[in-house]
Amino acid sequence: MISLGAEESVTTTPKLKEMPENRVSEPSDTWEFGARFGFGMRGPNRFDQNLNGFSSNLNPLVASQTKQENTRGSIQGEFLARTRLSENFKIGMIGGYRYFDPFHLTNLTSEPFYTNLNFQMESFYVLGMVWQEGRLNRYFRWETGLGLGITRALWVTKGYATNGKEYYQQNGNMRGSGLEFRLEGSLIHPINERVSLSFGTYLAWINITSFDGSFNGDTSSFYVRQDGRVSPLTESANQDNILLSNQYSRKLDMQSAYGGLFFGVNYKL
């Protein structure tokens, strides 16, 4: 009988097919460009309160009554450019143009003297922004943004004044610069890999220290006196007024908060 050599028993484990690792792809540093349209409203503030004290005569012995009409609404168009800073953060800038609703005032003094002024104001702004984003559900992503930048406003005045015998044209062209702060939040709905739609809300704060330019052909600014009266004056006329009335005066400023909604479309390169 032929005996076969005992073979060592080798236990082998069946080899399983290796599954590919589930890795989340890192977002690429793509640039994104967008266009927005928005509308909003400015809250009542010191700018409006000071304009309620407008008077064509700074003599406190002359009675003066002013009525102002201002809806404080605005519309704006914006362009944004940004890139990814990290997985959930983007950094970029927003440039925009804001057009304010026209507003006007009338002033009647006891001399008698009647003034009717129509105002138009618009501004251009550039903001540096940082955004944080996240996924809300399969259809939407959320986004919050914070920014700070510069704003420059143009204030145009047209109107007339009369004492019942003579008629005077009132024309002004003034500019002011300052800072603008922005806080915003939005929902993003992707259409495809490159195009997305956005809908959001914003809160902005604007600080313009003064408005300087020309009024009726003279280099002027709007000045506010201690007694609350406001009038466009040249620098020399303001100094004379301080000496005669012993009242401190300052230039009219604009510190204002805005809120509103915007709609936009974004495109990734």
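Working note: 222 nm ellipticity from helices only, DSSP H runs with n ≥ 4, each -39,500 (n - 2.57), summed and divided by the residues of the chain, gives -1500 deg cm²/dmol to the nearest 500. Taking only the C-alpha atoms of the stretch 59-170, the Rg (one decimal) and the largest Cα-Cα distance, Dmax (whole number), read 23.0, 72 Å.
Taking the Cα centre of the stretch 121-269 as origin and assigning +1 to Lys and Arg Cβ atoms and -1 to Asp and Glu Cβ atoms, the resulting dipole is close to 440 debye. Accessible surface area normalised per residue over the stretch 132-188 is 58 Å², counting heavy atoms of protein chains with a 1.4 Å rolling probe.
Ranking A237, Y168, G178 by Cα position along the charge dipole of the chain, where only Lys, Arg, Asp and Glu carry charges on their C-beta atoms, puts Y168 farthest toward the positive end. Which one, M93, N57, Q76, is farthest towards the positive end of the dipole of the stretch 54-98 when Lys and Arg carry +1 and Asp and Glu -1 on their Cβ? Ranked along the dipole, the leading option is M93. Rounded to the nearest 20 debye, the dipole magnitude of the chain is 420 debye, with +1 charges on Lys and Arg beta carbons, -1 on Asp and Glu beta carbons, and the Cα centre as origin. The listed residues I191, I206, I242 rank as I191, I242, I206 when sorted by accessible area, largest first, using a 1.4 Å probe.
Taking only Cα atoms, what is the 0 to 90° angle, nearest 10, from helix 235-245's long axis to the longest principal axis of the chain? In the chain, helix 235-245 runs at an angle near 60 degrees to the longest axis.
Here are labelled values, (i) 0.99; (ii) 1.05; (iii) 1.70, and one is the computed Cα Rg over 2.2 N^0.38 Å for what I pasted. Which one? Derived directly from the coordinates: (iii). Solvent exposure of Y223, expressed as accessible area, is near 10 Å², computed with a probe of 1.4 Å over the protein chains only.
Can you give the FRET efficiency for A35 and Y114, using 1/(1 + (r/R0)^6), R0 = 35 Å, r = Cβ-Cβ distance, to the nearest 0.05? Calculated transfer efficiency: 0.20.
A viscosity of 0.890 mPa s and a temperature of 25 °C, combined with the Kirkwood radius over Cα pairs in Stokes-Einstein, give a translational diffusion coefficient for the stretch 48-100 of 156 µm²/s. Of the residues Y139, N207, S249, the one whose Cα sits farthest toward the positive end of the charge dipole of the chain, with +1 on the Cβ of Lys and Arg and -1 on the Cβ of Asp and Glu, is S249.
Each of H189 and L269 was given a label point 7 Å from its Cα along the Cα-to-Cβ line. The distance between the two points is 2.8 nm. Counting only Cβ charges, +1 for Lys and Arg and -1 for Asp and Glu, the dipole size of the stretch 191-269 around its Cα centre is about 320 debye.
Using a 1.4 Å probe on the protein heavy atoms, what percent of the accessible area of the chain belongs to carbon and sulfur? Solvent-exposed carbon and sulfur of the chain make up 59 percent of the total.
Close Lys pairs in the chain (alpha-carbon distance under 23 Å; sequence gap of 8 or more, or different chains): 5. In this simple spin-label model, placing a label point 7 Å from the Cα along the Cα-to-Cβ direction at both F79 and K165 gives a separation of 5.6 nm.
The values are calculated or read from the model by the stated rules, or taken from the named source; none is laboratory data. Treat the numbers as computed from the prediction; the structure is a model and nothing was measured. Glycine also receives a Cβ, built like all others from the backbone with ideal geometry; neighbour counts cover every protein chain displayed. Remember, those area values only see protein heavy atoms, side chains included, never the ligands or the DNA or RNA. Shrake-Rupley method; radii C 1.70, N 1.55, O 1.52, S 1.80 Å.
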